[in-house]
Amino acid sequence: MSPLSSSLSSRFFDATMLQPLASNRLLSAIFRSSNESFRRYFDFIANEFEPLLAKKRIAAEILGIIDETSDVRTFVLRPSVNWTAHLPGQYVSVEVDIKGVRHHRHYSLSCSPSEFKEHGIISITVKRVSGGRVSNYLHDHFTVGQLLHISPPAGDFVMDLLASDGAASRDESVPVMDVECAVGSSLFIAAGSGITPIMSMIESLAAASALAKPLTLIYVVRSSADVIFAERLTEIAALQSNFSFVIHETSLRGRLTKEQLAQHCTDMETRQIYVCGPYAFMEFISQSAEQMGAEPSHIKRELFGLPRTGAVEVAKDGSETVEQSATSGQVSFSASGQVVQSSGSKSLLELAEDAGLNPKYGCRAGICHECKCQKTSGRVMNMMTGKIIPDEQDQIQACISAPIGDLTVSTW
Amino acid sequence: MDMKTSPKHLLMVDELDAFGAELDEIRAEVLADLGERDVQHIRHMMHTQTLSEMAGRGLIHFSLGPVSWAAGVGLLSVSKILENMEIGHNIMHGQYDWTNDPELQSQNYDWDNVCTADSWRKTHNYEHHTYTNILGKDRDYGYAVLRLTDDTPWRPWHLVQFIQYGMLSGLFEWGVGLHELEFDKLKSGEVPLKEKIPFLKEFAKKASTQLTKDYVVFPMLAGPFAPKVFVGNAAANLSRNLWASTIIFCGHFTEDAQTFREDECENETRGQWYYRQLLGSSNFSGGKWLHIMSGHLSYQIEHHLFPDLPSHRYPEISTKVQAICERYDIPYNTGPFGKQFKTVLKRVAKFSLPAIVRRGAA
């Protein structure tokens with residue numbers, strides 16, 4: 001039995017059905033050499049007949065949906081012709097239109113890049129987040145055959161490869177296919193859905209006929225029912241003698257302690273360590289690992305799950321309002337590097353001007369939209385209505401937006 | 001606020017506050033209801049526009065006779081009108097910014113017009129929509145070439161202002177594109193030419209892209225048939241210009257559309273601002289496609305009250321606005337398209353003569 005036997009492609013259909021879309025290169029060449037008008041026509045026609053040929057955005061057809069646990073699903077996707085293979089550990093930004101509003105969420109690719117190279121497929125694995133708009137929408141409204149739109153792969157939570165002298169480095173010249181030969185002893189530590197980027201790394205390494213270096217996974221979950229990829233992990237462990245994994249159930253054994261960590265991995269100082277989970281979890285793991293001799297530069301982290309801050313009240317109609325006292329904070333304008341303090345009473349436009357910037361504006365009364373700017377983090381309130389502007393809306397009218405707490409704007 | 005042309009409709013300040021609050025409520029209702037239906041509308045429009053553009057350009061290229069060529073010109077005209085009026089104009093107003101869709105963002109969109117998107121948003125969204133019909137501040141009022149009120153001093157060349165009107169209509173996109181140049185202020189020396197150089201550079205870039213597309217690239221693709229493509233594209237641009245100008249003139253220059261003095265509008269409240277928008281704008285009635293082809297500027301009143309609400313909502317908003325107007329005894333200026341346009345022509349004719357001459361003749 002080959003290590004690929006129950007990898008993604010074989011889990012739900014005959015992979016020979018899948019061939020990368022033909023004449024991709026020719027179409028790309030035509031597209032690149034044409035002007036904007038023709039590109040528009042091209043995408044228009046493509047979207048009419050075969051959306052996977054469209055060029056401006058990356059479409060992905062849902063080929064299959066796998067229930068991993070009661071609240072986690074893997075979406076197997078066939079991306080359009082302009083997709084390029086990812087590096088294990090990278091994510092995509094998934095676009096979902098809900099009630100006319102486009103939302104973006106990052107989801108890690110959970111498969112090996114070879115799935116795309118050999119079968120033209122990729123996968124993302126999505127856990128329902130309580131109250132999460134996009135994750136629940138993906139679970140409830142998407143079925144096989146529908147299209148999603150995704151970004152190109154992104155993120156630098158990828159495996160460091162060993163150079164010939166044994167020092168870790170990320171060498172772009174090492175082909176991803178040979179990744180298993182160039183990776184040193186590794187320790188993967190995942191909490192909950194943090195397993196997804198790590199699964200992509202493990203799958204890409206497991207594709208090798210025999211793993212040269214030890215590979216350990218410590219997987220922290222609430223209970224055994226929450227283990228994603230359980231069968232596949234068992235299978236890889238049976239095929240690869242150098243791969244081992246341990247599942248730590250917090251419902252049985254409490255939080256992972258430093259001592260337990262030391263038991264699971266006795267040679268911390270020799271390992272490349274990849275941690276993925278909530279912020280506090282990763283802080284704890286990093287500190288513990290360093291105390292056990294791990295090189296700080298050998299620890300890579302990927303944050304899963306962002307904490308919500310601010311004293312926000314949710315009204316009965318679902319809209320959110322905020323107490324004036326909780327609104328002070330620091331406003332950063334990333335284009336200019338300026339930072340100002342905000343008490344919550346001045347508009348973003350006034351604050352930008354206070355910072356000595358020269359933002360574009362028009363009516364200063366919420367009418368003309370000339371002062372639209374790009375919010376990169378933080379929240380704002382519409383001063384005209386007193387309502388909080390939804391987090392998804394990152395283009396905001398500066399003249400009628402008051403920051404709530406810390407805010408970053410990239411436009412000025 | 002003192003309305004010189006229609007003193008009988010004076011509203012008290014507290015009445016205006018209540019009036020403003022009622023309009024704010026309409027706005028809030030629509031904002032709360034925005035959703036998929038609005039995206040479907042604009043996407044449907046964009047789809048129809050691209051289809052008619054492709055069919056139009058195709059027919060012009062491969063026409064076998066004058067009939068198929070004319071049909072191509074017609075389709076391309078429809079496409080250009082749809083793109084400028086219902087799609088570009090409305091997207092650039094920020095009507096779909098809430099969708100978060102980069103293709104529907106006011107700050108990203110650029111339209112099929114020689115006017116740069118930046119200049120348009122400045123002269124139209126900001127100046128015209130904020131200072132609507134305030135003489136001396138709304139430079140769209142008469143476009144600095146037409147005399148449409150006795151508050152504009154009469155000059156002998158106003159006698160033949162129908163000629164200027166015809167030229168402005170035929171070359172409308174160029175007039176709009178060069179609006180920011182403020183030619184009258186340059187001539188009087190109020191603004192030095194140096195200040196306008198960045199604008200002129202941007203304008204030249206946009207205009208050359210537009211000219212290259214319609215008058216070089218597409219004609220050349222037709223090889224020996226280049227001339228018919230050249231003429232066809234020019235005809236489509238001309239018909240779009242005439243149409244856009246006519247629609248816009250019906251929106252603010254009908255007989256009863258009012259004008260305002262700068263001093264009347266200082267420190268306006270929201271209610272007063274709404275009131276001025278209402279009195280300075282005029283609607284026209286018609287079928288669904290007349291509204292669409294006018295970019296829903298047939299609901300100019302609603303557009304001026306709520307410039308950033310999706311335009312296809314104006315018909316339903318209009319019913320509510322009319323009911324409010326009735327209660328406050330505010331005139332709601334509307335009528336059939338032909339009738340409204342006739343009053344525009346009447347106004348252009350009327351004010352080509354100085355007041356004293358008109359009184360003498362009467």
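If you go through segment B:21-35 and keep only what is within 12 Å of chain A (Cβ to nearest Cβ) and either on the phi > 0 side of the Ramachandran plot or surrounded by 14 or more Cβ atoms within 10 Å (Cβ to Cβ) (or both), you end up with B:Asp24, B:Arg27, B:Leu31, B:Leu34, B:Gly35.
On the given criteria, is A:Lys375 on the phi < 0 side of the Ramachandran plot, of a type in the set (D, E, K, R), touching a Leu at 6+ places or on another chain (Cβ under 9 Å) and not assigned by TED's automatic domain parsing to the domain that holds A:Arg133? Full working, then the answer.
Values: on the phi < 0 side of the Ramachandran plot: yes; of a type in the set (D, E, K, R): yes; touching a Leu at 6+ places or on another chain (Cβ under 9 Å): yes; not assigned by TED's automatic domain parsing to the domain that holds A:Arg133: yes.
The answer is yes for A:Lys375.
If you filter segment A:38-68 down to residues that are under 25 Å from the mean Cα position of the chain (by Cα) and free of Cβ contacts under 8 Å to residues at least 24 places away in the same chain, you find that the one that is farthest from the other protein chains (Cβ to nearest Cβ) is A:Asp67. Looking across A:Ser347, A:Ser342, one residue alone is crowded, with 17+ Cβ neighbours inside 10 Å, touching a Cys at 6+ places or on another chain (Cβ under 7 Å), among the hydroxyl-bearing types (Ser, Thr, Tyr) and modelled with pLDDT of 85 or more. It is A:Ser347.
Go through segment B:290-310 and give me each residue that's within 13 Å of chain A (Cβ to nearest Cβ) and in a loop (DSSP other than H, G, I, E, B). Step through it out loud before you land on a result.
Looking only at segment B:290-310, we keep the residues that are within 13 Å of chain A (Cβ to nearest Cβ), and these are B:303-310.
Those that are within 13 Å of chain A (Cβ to nearest Cβ) and in a loop (DSSP other than H, G, I, E, B): B:Phe306, B:Pro307, B:Asp308, B:Leu309, B:Pro310.
The set of residues in segment B:251-289 that are in a helix (DSSP H, G or I) and touching a Leu at 6+ places or on another chain (Cβ under 8 Å) comprises B:Gly251, B:Glu262, B:Gly271, B:Gln272, B:Tyr274, B:Tyr275, B:Gln277, B:Leu278. For segment A:319-328, state whether one or more residues are modelled with pLDDT of 90 or more, under 29 Å from the mean Cα position of the chain (by Cα) and within 14 Å of chain B (Cβ to nearest Cβ). There is no residue in segment A:319-328 that is modelled with pLDDT of 90 or more, under 29 Å from the mean Cα position of the chain (by Cα) and within 14 Å of chain B (Cβ to nearest Cβ).
For segment A:115-152, the set of residues classified as surrounded by 14 or more Cβ atoms within 10 Å (Cβ to Cβ), closer than 19 Å to A:Gly64 by Cβ and hydroxyl-bearing (Ser, Thr, Tyr) consists of A:Ser123, A:Thr125, A:Ser135, A:Tyr137, listed by residue number. Among the residues of segment A:350-367 satisfying the criterion of being assigned to a loop (DSSP other than H, G, I, E, B) and more than 10 Å from chain B (Cβ to nearest Cβ), which is modelled with the lowest pLDDT? Only one residue tops the list, namely A:Asn358.
So which of B:Glu202, B:Glu190, B:Glu195 ends up being surrounded by fewer than 16 Cβ atoms within 10 Å (Cβ to Cβ), in a loop (DSSP other than H, G, I, E, B) and of a type in the set (D, E, K, R)? Spell out how you get there, then give the answer.
On the way: B:Glu202 fails: in a loop (DSSP other than H, G, I, E, B); B:Glu195 fails: in a loop (DSSP other than H, G, I, E, B).
Checking each option against the conditions leaves just B:Glu190.
Checking B:Asp140, B:Asp97, B:Asp112 one by one, the residue that is at pLDDT below 95, under 30 Å from B:Ala257 (Cβ atoms), within 18 Å of the chain's Cα centre (by Cα) and surrounded by 19 or more Cβ atoms within 10 Å (Cβ to Cβ) is B:Asp140 and no other.
So which residues in segment A:73-90 are in a strand (DSSP E or B) and surrounded by fewer than 23 Cβ atoms within 10 Å (Cβ to Cβ)? Spell out how you get there, then give the answer.
Going residue by residue through segment A:73-90, those that are in a strand (DSSP E or B) are A:73-79.
Correct list: A:Arg73, A:Arg78.
Summed over segment B:126-180, residues that are in contact (Cβ under 8 Å) with a residue 60 or more places away in the chain, within 14 Å of another protein chain (Cβ to nearest Cβ) and part of a helix (DSSP H, G or I) total 2.
Does segment B:268-290 contain any residue that is touching a Ser or Thr at 6+ places or on another chain (Cβ under 9 Å), hydrophobic (A, V, I, L, M, F, W, C) and surrounded by fewer than 22 Cβ atoms within 10 Å (Cβ to Cβ)? Yes, that holds for at least one residue. What strands (runs of 3 or more DSSP E) lie completely within segment A:368-412 and have 1 or more residues being over 22 Å from A:Gln341 (Cβ atoms) and touching a residue at least 12 places away in the same chain (Cβ under 8 Å)? Where strands (runs of 3 or more DSSP E) fall fully within segment A:368-412 and carry at least 1 residues being over 22 Å from A:Gln341 (Cβ atoms) and touching a residue at least 12 places away in the same chain (Cβ under 8 Å), they are A:372-382, A:395-397.
The values are calculated or read from the model by the stated rules, or taken from the named source; none is laboratory data. Computed from a predicted structure; not experimentally measured. Note that each Cβ is placed from the backbone with ideal geometry, even for glycine, and that neighbours are counted across all protein chains shown.
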